[in-house]
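Enquirer: Got a structure for you, questions after.
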Amino acid sequence: MKKKYQNLFFVFGVAVLAVMVSQLDFAQVWDGLRRAGYWFAAVVALWLFLYMFNATAWYIIIASTACSHKGEPMRRPREVGFWWLYKVTVSGFALNYATPGGLMGGEPYRIMTLAPRIGTERASASVILYAMTHIFSHLWFWLLSCFLYIATQPMSVPMAILLAAVGAACSVAIWFFLKGYKKGIAVRCMNMLRHFPGLKRRVQGFVERHSDQLATIDSQIAALHNQNPRAFVSAVLLELSCRVASALEIYFILMVIMPTADYLECILILAFTSLLANLLFFMPLQLGGREGGFLMSAKGLALTANAGILVALIVRIRELIWTAIGLLLIKFDKKQA
């Protein structure tokens, strides 16, 4: 990536991060850190390993895009080192956290950083595929969490209606994503954008200029599902495993005030909170959405409000720390031709 673009991503991210830090109540932060003690270090260190799930899933997808012929074995991409990709993964998520609209920050950065190594079309296909897989795993996580709630928690009529609505929405979205995996999604997205007022002419011109590239990207997206089903399943399972393992963060925090914390309840808290936060995707770091999700899920599972507040606070601080780390890693990327 050119140095000026690298600096642009870095400066933008730091500016947004500074604004978010300025909104913190530092007395409350200090009290939360004091209560969490060494468990806070465990929470921060946990994500050192969770990002490995994400980087490995993306690494598998990049390797699969190199297999252009049916039956060709997946091989290690020589152009991309795993630890370099791990660094880009952390930086990409940092930009996603800091950017209103989520994917508007991290995904362009990933493409621009990866393109000099494997080409723009293949980089675009791998990033789109990874974003799809990341969202796809969330949908499965929310759907499976509905069944987990039914199996482990007492039911009421309002909760039954809510779970039915969430389950139906996730099932429809999963079907849509499977269609996108089978036939590609780049051209479909462009065709959808044509119907938005003010975009028709611009999108039409873009499609006409880049029709071959869009077709190539779609063929590579379809290849992951149709020609490399093992790679597809591996990437999805890695991302889904990351969702389940990330509930350890909530478990560690609850251990501070509730030594009898239940890990299955932590999974349900994470599922409910992440669902609400993603509905508020337009807010940087889902400000307010995560906090409200933690409080509502804690109340729904008969936990104390203090437990929900502590979890929300520690998770927010962890996100800010890893956002800062990811932004700093942007500056450690060597300039590519």
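The values are calculated or read from the model by the stated rules, or taken from the named source; none is laboratory data. All values reported here derive from a predicted model rather than from experimental measurement. Cβ placement follows ideal geometry from the backbone for every residue including glycine, while neighbour counts extend to all protein chains displayed. Heads up: the accessible areas ignore ligands, DNA and RNA and are worked out on the full protein's heavy atoms, side chains in. Shrake-Rupley method; radii C 1.70, N 1.55, O 1.52, S 1.80 Å.
Enquirer: Could you rank the peptides 161-170, 309-318, 47-56 by their average count of other C-beta atoms within 10 Å per residue, with the highest value first?
Expert: Numbers: 161-170: 14.5, 309-318: 21.5, 47-56: 17.8.
Per-residue mean Cβ counts within 10 Å order the peptides as 309-318, 47-56, 161-170.
Enquirer: In whole Hz and in residue order, list the ³J(HN,Hα) couplings for segment 124-139 that follow from phi through the Karplus curve 6.51 cos²θ - 1.76 cosθ + 1.60, θ = phi - 60°; x for Gly and Pro.
Expert: Whole-Hz 3J(HN,Hα) from phi for segment 124-139: 4, 4, 5, 5, 4, 4, 5, 4, 4, 5, 4, 5, 4, 5, 4, 4.
Enquirer: When all protein chains stay in place, what accessible area (Å², nearest 10, 1.4 Å probe) is found for MET132?
Expert: Counting only protein heavy atoms, the figure is 10 Å².
Enquirer: Ordering GLU319, GLU208 by how much accessible area each has at a 1.4 Å probe, largest first, what is the list?
Expert: Details: GLU319 0, GLU208 125 Å².
Accessible-area ranking of GLU319, GLU208, largest first: GLU208, GLU319.
Enquirer: Per residue of segment 237-247, what does 6.51 cos²θ - 1.76 cosθ + 1.60 with θ = phi - 60° give for ³J(HN,Hα)? Whole Hz please, x for Gly and Pro, Karplus curve as stated.
Expert: Going residue by residue, I get 5, 4, 5, 5, 4, 5, 4, 5, 5, 5, 5 Hz, with x marking Gly and Pro.
Enquirer: Moving to a separate point now. Calculate, in nm to one decimal, what LYS331 and ARG34 gain on full extension: separation in residues at 0.36 nm each, minus their alpha carbon distance. Could you put the intermediate results ahead of the total?
Expert: Values: separation 297, 0.36 × 297 = 106.92 nm, distance 3.19 nm.
In short, 103.7 nm is gained.
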